[in-house]
Every structure is written in structure tokens, then in C-alpha cells.
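Here's the structure we're looking at; comments come further down.
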Amino acid sequence: MPNESRTTPSNSITYLLFAALIMAYGWGYRGTVGHEAGAMLPGALLGLAVCLASGRSDWYRRSVVAGLFGAAGWAWGGSLSYMEHTAYTMSDSFPDVYYGYSMLFFLGGLWAGIGGGILGLSLTEPRSVLERFARAFSVVCFFYFLAYLFFLVAPDYKDAYETFSIRTFHDSDWLSATFALVASGLYWLTCRKDRPASALFFWCAVAWWVGYLGLTKFGGLRLAPLHRSESWGGVVGILVVLLIYLHRRNNRAALMLSLYGILGGGLGFATAVFIRHPVALRLWPFTEQWPQWRIAEDSFGLIMGSAIALGVLRLLRGRLASPAEDTPRPPLDVFAAFALLLAINWVNFRRHAAPWIERSDHSDTAPLLGMSMNGWFVLGGALVSIPVLVGLLQYLRGSRQLVPQTAFGKSAIVMLLLVWGTVAGYSFHDTPSASSMPGHFLLWIPAFAATMLFMTYVTRAAHSTGTIEDPVSCSDRRWNVGVKYILGWCLVPLCILAMTGASVAIQDGPAGGMPRKRFGPDAYWRLTARLLGTWRVAGIADTLGGNAEVQKDLSVTAFSFAPDRVVTVSTSEGASETTQQWMQKDQYTWLKWRLNETDPPRYAEIPLQFRDRRLFIAWPPDSQSGGYLVLEREGE
């Protein structure tokens, strides 16, 4: 019976806490693996959690599918760059700190707005519509997989692509957007029944290009220094298209979740970094070395998960009608379980294996049985994956002996495997030690607490089902955001202002003595932009800012600094080499000089310091005690 369910969970506070804790764990994990793949885990866990704790049997049947859509929704924001904005909040300049928190609000809102809207689709749309989305999504992912395999066997092309991306497209995800455009366009042409779904992917890809080109490439708007990705304009385009789509579908319930995500995700991101602030400053009682980033990640997950769960709870209390189950369940359920149990773990666990593979590559020990460490990890992953694939195939064919008989039980197994499998993967990635244990505990605690809430509260409520009286369609006007939501937006500038004032007040000067400047002549991005180009060597100075004395025995004659951080060094013999790099650390720009050709190589980090129109580099690189190399821009 499609309408058989509870109207609300038995305990709203516990419901919100469960969703918050499960996403706090997921976001802490995402902080380790990063990028789009890492962001899929918290989205998947949140989708599973809000369904399993709902007390609604119809949502139990949607749990794994909601996990898939949550993963896809939160993956979009993985391309956003935000590290530099957290650095601005450590400045002692009020405008720079306010800018940092404002941009964190902006980026968090983008992230959770898309995630909430796509999660809302899984809770409201007919299963046939969701299947169309899943097929279009799999086509786009197939193109991504082909690109991954190509770059895997042709690393030189990967290096060329990354260099081209940095120099031409602000290190953005332009290739991913292009693949989505081409894949969805071809699928639209070849599969008529799935055209509405492929059209959404197509227009999202078009909007990505419009947003990026209009705001950043030609509009000139940049949120971070030159070496950071500027995909935010494209993500703005995706969010706009999603909101228009939900409005045209008259899906007010999913639109409401997206709007809750924008506000909650924005406040969550800014507040999480504010919570981290005294820890980063090592104020009492945080005088020891605390895992400050894990604290921020857990806090962001807690707040964002709570915001989305508040919106979902409103749907439950408002008696949202059950979505239509108009096609057989197994095909989409099996695809969703495959994505959650295998695909997400494959793309994330390769990062867990990377430290071990790197250590093995630098070891003198011969490969075991002639197989490299990378090969052994792939073999181990295959041995784990094959039984899961066989089990999913048997389920698709009608065999149910190996899985729980209830929809709740099946989804519960998926969620628990996803949580504790990734806990084990992270422990393998970063072997627990005396220095890393606090970070591990801040990851294990929300995972443990969410699991205990699930086992003690959610499972007791799982069999308490009833019938929805007077179900409300997802297009009903009662799902429009109300006065409280609008009031929340009115308070946003005041909240950011308060966090800015408190952050500046509790620190004595810039954190660590390193100011992060977005505005003014010493702005971070101005110093970087000033560096780019070719500089000729004028000579050696005894002191910083001193006069250059020409020395005939200098082995270098010019330095060329490129946007991709490659430094081309011209030698006195007329040759040039590109093994050196420039980088940014704290407020300053540094030259990362490779000292030898050993594996692993040794590096020296040399500050690049401007004095008037000249650039000074402590020289020689191996000792930095012989004075300063004086550079003058070519043509001046």
C-alpha cells in the first residue's frame, strides 16, 4: 500500500540529531579525501538517514535511492575552492575577515542548495522519473570513467590538461562540464524516453559554462588567488537551472529543501570556521595542538545536516504524499546500492591507498611476486567487490536469501557498511598514532554516536507504521518558505558581522603574524599577479633591498613565473629548465627549489620578497646565506 506510513518520526529532536551526526561524520571523512568523490559520502549518508529515521514505510523503500541522489547532489560542490577564504578570516583587517566569512556563506549555500534540491527529488518524484535521471547520470559518469582511464594510461596528457586548465580556465572543472554537455546531448538524441532527464543535465552543463564565462572568464570576478580553482561561477549556473527546473515542475517540496540548504549550508560553513577560530589561534583551553580542520568539518556537517533535516521534518509533519512507485523497485535499488557500496568507495579508497603506494615506490624492497603495491591494492579491491557484485546481480534476478526481508533492513545494512567501511579506510589511510589520534577520535565519535542512535532509537521506530491522513502533494503551496525563513535571511548579515567582530577582537594582530589580505595594496592576489612574467637577474645584493652587484659567475640569468606555478629558469649556458615551482604559504609567495635529482628529492623553500620594482631571492638555494639574488622585470 503506497500510503502506509507514519506521519512523523516519534522524536523530532533525535531525528535532527541523527541526521546531524551522520553528516558530521561524512563531512569529517570528506575533509580527508576531498573533491567531488569525497563530498558524495556525506550526501549519501544524509539521504539514507532522513529516510531510515522517518518512520515511513514508503520512505524506507526509497532509502537507498535517496542515498544515491544525496551523493550526486552534494558531489557538485566538490569543485569549489574555499581554503583561501578561511585564511582571510585569520586576518586582523575587518573588511578581509568579513569578506572571508561572506564567501564561506556563499560557497556553503551553493553546495547545500544543490544537494538539498536533488535529495528532494528522490523523496517526491515517481520512481519512473528517478530511473530516467539515473540512466542519464550513468551515461555522464561513463564518459568521466573513460577520461579517467585515458589519463591513467597517458599521464603526459594529464599533465598537459592540468597545465592548460590552470593557464586558460582558472583551474576549473571545464572538462567535466564539457563531458556532461556532450554525454547528455548525445543521450538526448538517442534515447527519446529519457529526454526530460538528459535535458536537465544538458542545461546544467550549459549553465556551468555560462556562469563561468560570464562571471569569471570574461566578467573578471575572482574569489581567490590565482592558483586556486574558480569553478564557483559554473556551480551558480547549475543551482539556478535546478531552481528553475523545480519551479517549472511545480515541485514546491523539493524547492523548499533546496532553499533550506542554501540558508543552512551558508550559515553552517561560516559558523563552522568561526567555531574553529579560537582553536586555530590556540586560545585557552585550546593551547595544545588540536585538529582544527576536523573540528570545522564536523561542525559544518552538524549544522548543514540539521538544516536539511529541519526541511525534511517539515515535510513529514506536513504529511507529504507518498511518491508514486510506478515501476518495479529492483533495477533502481540495485543501481543505487552499486553506486553507494562500490562506486563511491572505489573513487575514495584509491586516495587511502596512495600513501602506501608512494612509500612502496620509494622503497628498495622488490615488488612481491613481481606485482607492484598498486597492483596488490587493485587485486584486493576486486576480491572485495566481486562478491558484492554477485550479490547485487542475484538480487536483481529475484534471489533474496542473502539480504534482510524488509526494505528498512536492506537500507540499514547499506548505511552501516558505508559508515564503518569508510572508517576503516580512513584508518588505513592515516595510521593511528599519538599525534593523529585526536583527529581520528573526532571522526569516530560522530560515527559511533550516529550508529548508537540508529540502533537504539531508529530501529525501535522502524516497525511503528500507520496511514497518512489527508496526504499533501509536493506541489501544494504549504511547502513555500515562510516568514521564519525570510527572517533568517535578514539575520545573515548581522550574523556574519558578529562573527567578524568577535574574530578580530579575540586575536592580537594577524594569526601567526601572517596577514591575509583581500583588499588594499598588500592583497594576497595582487602579490601573486605582480610575480607572473619574466624577470632577469640583475646581480647579487648583500642585504634585502640593497644594490645589485653584477657577478660574472652566476649560473642563472632569468626566471619566468607562470600561472600554473611552474618556474622556468634560464642558465648562463643558454639552457632552460622547468623543475622548479613557486607556491604560496601563509601570506607570502615562495620559490620551491629542487636541490637534487634523488627520489624522493630534497627541496628548499625560499621567500620571494619585493622591494620597490625589484624581486629578491635569498641565494644560494642550498644555504641561503650568500646574499640575495636581485631580479628586475624584463623590459623595465
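Things worth noting here:
- Count of residues meeting criterion [open to solvent by 40 Å² or more (accessible area, probe 1.4 Å) and either at pLDDT below 95 or of a type in the set (Phe, Trp, Tyr) (or both)] in the stretch 197-211: 3
- Of the helices (runs of 4 or more DSSP H) lying entirely inside the stretch 83-191, those containing at least 1 residues that are open to solvent by 50 Å² or more (accessible area, probe 1.4 Å) and free of Cβ contacts under 8 Å to residues at least 40 places away in the same chain are 127-153, 155-168, 174-190.
- When Leu629, Leu544, Leu554, Leu615 are screened for being part of a loop (DSSP other than H, G, I, E, B), open to solvent by less than 50 Å² (accessible area, probe 1.4 Å), farther than 29 Å from Ala280 by Cβ and of a type in the set (A, V, I, L, M), only Leu554 passes.
- Selected residue (only one of Phe335, Phe377 is at pLDDT 95 or above and either over 26 Å from Ser12 (Cα atoms) or outside any helix (DSSP H, G or I) (or both)): Phe335
- Of all residues in the stretch 599-626, those that are polar (S, T, N, Q) have Cβ atoms under 8 Å from Cβ atoms of residues that are modelled with pLDDT under 85, 6 or more apart or on another chain, in Gln609/Tyr588.
- Qualifying residue in the stretch 70-79 (condition: within 26 Å of Ile22 (Cα to Cα), touching a strand residue (DSSP E or B) at 6+ places or on another chain (Cβ under 9 Å), open to solvent by less than 30 Å² (accessible area, probe 1.4 Å) and assigned to a helix (DSSP H, G or I)): no
- Residue match in the stretch 73-87 (condition: closer than 17 Å to Ile413 by Cα and modelled with pLDDT of 90 or more): no
- Across the stretch 316-362, the qualifying residues are those that are farther than 25 Å from Tyr148 by Cα and among the acidic types (Asp, Glu), and the one among them that is surrounded by the most Cβ atoms within 10 Å (Cβ to Cβ) is Asp333.
- Given (1) farther than 23 Å from Asp159 by Cα; (2) surrounded by 14 or more Cβ atoms within 10 Å (Cβ to Cβ); (3) hydroxyl-bearing (Ser, Thr, Tyr), index of the condition Thr534 fails: (1)
- The lone exception for Leu383 - which of (1) modelled with pLDDT under 90; (2) open to solvent by 70 Å² or more (accessible area, probe 1.4 Å) it fails: (1)
- Checking Ala72 against (1) under 15 Å from the mean Cα position of the chain (by Cα); (2) closer than 30 Å to Tyr99 by Cβ, the condition it does not meet: (2)
- Scanning the stretch 557-581 for residues that are assigned to a strand (DSSP E or B) and open to solvent by less than 20 Å² (accessible area, probe 1.4 Å) returns Ala558, Phe559, Phe561, Val567, Val569, Gln580.
- Only residues that are part of a helix (DSSP H, G or I), out of contact with any His (no Cβ under 8 Å at 6 or more places or on another chain) and surrounded by fewer than 14 Cβ atoms within 10 Å (Cβ to Cβ) were counted across the stretch 421-437, and they come to 2.
The values are calculated or read from the model by the stated rules, or taken from the named source; none is laboratory data. This one's a predicted model, so the numbers in the text were calculated from it and none came from an experiment. Glycine gets a Cβ as well: all are built from the backbone with ideal geometry, and neighbour counts include every protein chain shown. These accessible areas exclude ligands, DNA and RNA; they are computed on the full protein's heavy atoms, side chains included. Shrake-Rupley method; radii C 1.70, N 1.55, O 1.52, S 1.80 Å.
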